[in-house]
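Worksheet for the structure shown next.
The values are calculated or read from the model by the stated rules, or taken from the named source; none is laboratory data. Values in this document were obtained by computation on a predicted structure and should not be read as measured data. With ideal geometry, Cβ positions are generated from the backbone for all residues, glycine too; neighbour counts draw on all protein chains shown.
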């Protein structure tokens with residue numbers, strides 16, 4: 001069934017947190033860009049956007065304040081395509097009638113930078129691919145069909161703008177304990193106007209074979225390399241007597257719930273795995289870290305942890321006392337909760353977008369993707385994993401001036417005989 005998208009759309013549970021922390025230091029903006037094998041005609045791209053935004057009415061919105069909550073208000077205004085810039089994922093003040101996303105273009109590259117207030121990586125990729133496909137159609141090239149690609153004239157399904165958490169999960173469930181604080185890597189922050197990145201490109205089949213040798217997924221294997229590098233940083237800080245070794249190393253690994261709970265939802269619909277280990281009794285070898293992370297994720301996946309975590313959030317969201325609090329007080333509570341608990345719980349973030357599969361016609365035109373996760377002053381570095389056309393990429397977005405984590409990851413790749421190319425975006429290594 002289809003339905004007319006309402007003019008006022010409540011923000012979802014995940015967005016409650018993101019809207020409370022949105023700032024120049026923590027912009028909540030992630031970025032997905034693709035490069036074609038030909039220069040882009042900006043006038044045709046403008047025309048394509050006018051056509052395709054009509055099938056993304058949930059994205060054609062402004063964030064508005066109401067007494068009890070923030071809300072999305074639909075608008076007939078159109079986003080303006082901007083020239084791409086060196087420093088990406090930068091701040092947008094959503095209170096000034098600004099769209100919660102940007103569309104940018106330069107040479108043969110189209111990029112969508114979108115706030116987690118609005119959607120996750122799935123929604124961002126859907127908008128980017130739909131815009132690119134419509135641009136190619138206007139250019140007299142048929143890009144093919146994909147569930148990710150929406151076309152002008154497509155029906156708007158309820159699922160696209162409704163909250164998938166509410167539609168797929170119950171509020172009933174046991175209470176869930178908050179994890180204790182984790183090790184947070186040290187790092188000197190750079191200017192809020194900048195955002196560094198280190199893009200590491202590897203052979204997908206090579207890394208898959210190495211992961212299979214341990215009977216683990218690619219996600220577990222690459223997350224283990226990341227955790228091994230974090231352990232190296234932790235050991236250095238312990239040796240320098242900058243920190244005690246009583247804190248766990250804990251990763252935040254967002255996963256797309258659409259694989260287990262099929263939906264057309266374009267809003268946030270992700271869950272966070274939180275594998276951890278403690279080195280109080282000594283450092284772990286790389287194979288031991290692989291086993292620790294694999295076991296932790298397997299436990300979370302099969303123990304009902306996902307349902308319990310989501311149920312807790314839904315209960316909090318529907319609590320009558322909380323619902324009747326004025327918006328300003330709610331946002332203050334969210335901000336305090338986030339700074340006291342959420343920020344202190346993770347040593348690093350690894351988001352896996354998986355393998356990007358396109359229709360064969362579109363794959364011939366698209367040369368590459370570049371994905372940069374949103375920035376964060378704590379833990380200072382967020383990482384995206386994805387693969388396309390046989391290449392596996394790890395892109396580390398950083399608000400820190402040093403390359404300590406990146407260098408340790410690169411060193412481990414060399415030890416594992418994983419050939420790689422490194423592309424830096426920072427003024428001292430251009």
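The figures follow:
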item	result
Residue in the range 65-78 that is part of a helix (DSSP H, G or I) and closer than 17 Å to residue 160 by Cβ present	no
The range 128-181, residues that are over 24 Å from residue 115 (Cα atoms) and assigned to a helix (DSSP H, G or I)	136, 137, 138
Any hit, the range 185-193, residues being surrounded by fewer than 17 Cβ atoms within 10 Å (Cβ to Cβ), in contact (Cβ under 8 Å) with a residue 60 or more places away in the chain and in contact with a helix residue (DSSP H, G or I) (Cβ under 6 Å, 6 or more places away or on another chain)	no
Those residues of the range 389-407 which are within 20 Å of residue 218 (Cβ to Cβ) and surrounded by fewer than 22 Cβ atoms within 10 Å (Cβ to Cβ), in sequence order	389, 390, 391
So residue 350, is it part of a helix (DSSP H, G or I), buried (at least 16 other Cβ atoms within 10 Å of the Cβ) and in the same structural domain as residue 222 (by TED's automatic domain parsing)	no
Residue within the range 20-37 that is touching a residue at least 24 places away in the same chain (Cβ under 8 Å) and farther than 28 Å from residue 353 by Cβ present	no
Qualifying residue in the range 273-295 (condition: surrounded by fewer than 17 Cβ atoms within 10 Å (Cβ to Cβ) and closer than 30 Å to residue 60 by Cα)	no
